[in-house]
Amino acid sequence: MKFSLAILAVAATTVTTAFTIGSPNRAVSSSKSIVFGPSSASVAIRARETQLGAAKQTPHGGKLVDLILKTDEEKAAAIAKCTKELQLSPRQLCDVELIMNGGFSPLTGFMDETTYKHVVDNIALPDGLIFGLPVVFDTDDEDLQPGDTVLLKDGDRDIATITFTDKYLPNKAYECKKCYGTSEIEHPGALMVATERGKYYMGGKITGLNLPIRDFVCKTPAEVRETLPDDVDVVAFQCRNPVHRAHYELFTRALDDPLVGPGGVVLVHPTCGPTQADDISGVVRYKTYEVLKEETKNDRTRWEYLPYSMHMAGPREAIQHMMIRKNFGCTHFIIGRDMAGSKSSVTGEDYYGAYDAQDFAKEKGPELGVTPVPSLNLVYTEEEGYVTADEAKERGLNEKKLSGTKFRQMLRGGEEIPEWFAFKSVVQVLRENV
């Protein structure tokens with residue numbers, strides 16, 4: 001029997017009886033394929049925002065949030081109001097950055113209890129604007145209270161201030177069941193909520209001071225938008241692992257999809273923040289992207305990096321990724337098989353069906369204002385190189401396969417990696433850093 005968040009569920013139930021939780025919006029079948037229901041509506045988050053003319057796409061909610069103060073005097077005044085300091089965890093640092101630079105537009109802070117519960121239940125902000133996953137500030141600090149203004153730091157660097165609006169005990173088991181489709185701790189997202197996040201969540205308004213200093217530059221949505229054409233479609237490609245040949249073929253061929261207009265470009269926009277435990281580190285992933293960017297230069301491919309913390313939430317995370325890329329100026333988004341999917345760490349069983357994320361993205365795409373582009377199921381053949389699996393089967397072509405497990409074994413063993421599977425430049429970076 002699988003170990004779930006039973007203790008969390010019991011503890012949380014005692015503090016959630018004062019409010020009524022809406023009826024579930026999805027059901028989980030025995031195969032763990034997740035079905036999502038409709039959004040609902042009510043009141044919303046909005047604040048000081050900046051409208052941008054660059055890029056074809058309109059930011060989520062209509063305007064792009066920019067919370068970063070521009071002068072040293074403004075920053076000093078904001079810091080002077082703080083009575084406490086807090087060090088941000090790596091996941092919190094990603095969330096703060098995306099709030100203050102507009103990646104999470106229209107959010108202007110961490111979600112209060114009302115907004116949090118509405119997103120968990122309805123995949124939408126209280127005004128009905130679609131939003132995939134809750135963005136919360138977690139803490140175990142008993143002394144932090146609503147009304148406190150706190151300086152948020154990354155080491156010695158001042159990142160932002162936050163004025164807390166409320167403090168609440170979340171029902172973590174319920175949150176996981178709704179957002180990840182399961183409260184089993186074998187799911188990496190549920191494990192993160194149970195073991196990494198603090199006891200309390202707090203809502204709060206963010207004032208931005210400085211972007212984090214990373215080993216790689218993560219441009220703001222405004223900066224990325226300035227680099228994008230405003231008269232053609234921009235197709236986003238999300239990844240959290242090194243890009244191999246099949247990925248490259250996938251996102252370059254996506255520009256030929258009938259859903260994409262003529263002259264479109266692809267924005268390769270990998271996440272470089274925390275992810276599940278066995279993934280390659282963000283810095284190493286970045287190095288592989290940089291060498292590949294140089295090796296495959298062309299005018300229709302752009303490369304940028306996203307400071308986002310993965311949840312492995314399958315269909316709901318696909319919506320979150322689409323929403324973020326909308327804020328970065330993208331009109332289309334490539335949805336791969338089992339996007340942001342995860343397996344049980346005990347049984348190895350998939351938590352989501354191979355096409356759950358694609359189906360949900362197709363359903364929600366028109367409401368979100370982003371067109372999902374289903375990824376091609378490509379295979380490598382001896383006769384024709386990369387073709388679709390259907391074509392290979394129809395023509396009786398000989399497929400060549402190499403599993404991720406076998407690839408890692410060959411990498412560790414110093415064996416030659418076939419070029420049809422991985423770029424030599426990427427393999428060299430992995431050999432040097434993994």
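The values are calculated or read from the model by the stated rules, or taken from the named source; none is laboratory data. Computed from a predicted structure; not experimentally measured. Cβ atoms come from the backbone with ideal geometry, glycine included; neighbour counts cover every protein chain shown.
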Checking the conditions here, which among Lys219, Lys205 is within 26 Å of Ala78 (Cβ to Cβ) and in a loop (DSSP other than H, G, I, E, B)? Lys219
For the stretch 403-434, what are the residues that are in a loop (DSSP other than H, G, I, E, B) and crowded, with 16+ Cβ neighbours inside 10 Å? Ile417, Phe421, Ala422, Phe423
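Yes/no matrix, rows are residues, columns are (1) charged (D, E, K, R); (2) within 26 Å of Tyr386 (Cβ to Cβ); (3) not assigned by TED's automatic domain parsing to the domain that holds Gly385:
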residue	(1), (2), (3)
Pro258	no, yes, no
Glu295	yes, yes, no
Thr301	no, yes, no
Ile335	no, yes, no
Asp338	yes, yes, no
Gly341	no, yes, no
Val346	no, no, no
Glu349	yes, no, no
Report, ordered by the first and then the second residue, all pairs with beta carbons closer than 8 Å, sequence separation of six or more or different chains, a first member in the stretch 374-385 that is closer than 11 Å to Arg245 by Cβ and at pLDDT below 95, and a second member that is surrounded by fewer than 20 Cβ atoms within 10 Å (Cβ to Cβ) and of a type in the set (Phe, Trp, Tyr). Leu378/Tyr386; Tyr380/Tyr386; Tyr380/Trp420; Tyr380/Phe421; Gly385/Trp420
Among the helices (runs of 4 or more DSSP H) confined wholly to the stretch 264-377, which include 2 or more residues that are touching a Leu at 6+ places or on another chain (Cβ under 8 Å), at negative phi and among the hydrophobic types (A, V, I, L, M, F, W, C)? 315-327
Just to check your reading of the model, which residue among Gly329, Gly365, Gly314, Gly336 is touching a residue at least 24 places away in the same chain (Cβ under 8 Å), buried (at least 23 other Cβ atoms within 10 Å of the Cβ) and farther than 25 Å from Ile185 by Cβ? Gly329
In the stretch 163-186, which residue that is under 17 Å from Met310 (Cβ atoms) and in contact with a Ser or Thr (Cβ under 6 Å, 6 or more places away or on another chain) is modelled with the lowest pLDDT? Glu186
Checklist (1) closer than 16 Å to Leu211 by Cα; (2) of a type outside the set (D, E, K, R); (3) without any contact (Cβ under 8 Å) to a residue 60 or more places away in the chain applied to Ala77, failing item: (1)
Note: among Thr252, Thr182, just one is hydroxyl-bearing (Ser, Thr, Tyr) and in a loop (DSSP other than H, G, I, E, B), namely Thr182
From the residues in the stretch 247-299 that are among the small types (Gly, Ala, Ser) and buried (at least 18 other Cβ atoms within 10 Å of the Cβ), which one is nearest to Pro212 (Cα to Cα)? Gly273
Looking only at the stretch 182-238, count every residue that is crowded, with 19+ Cβ neighbours inside 10 Å and under 22 Å from Pro270 (Cβ atoms) and tell me the total. 17
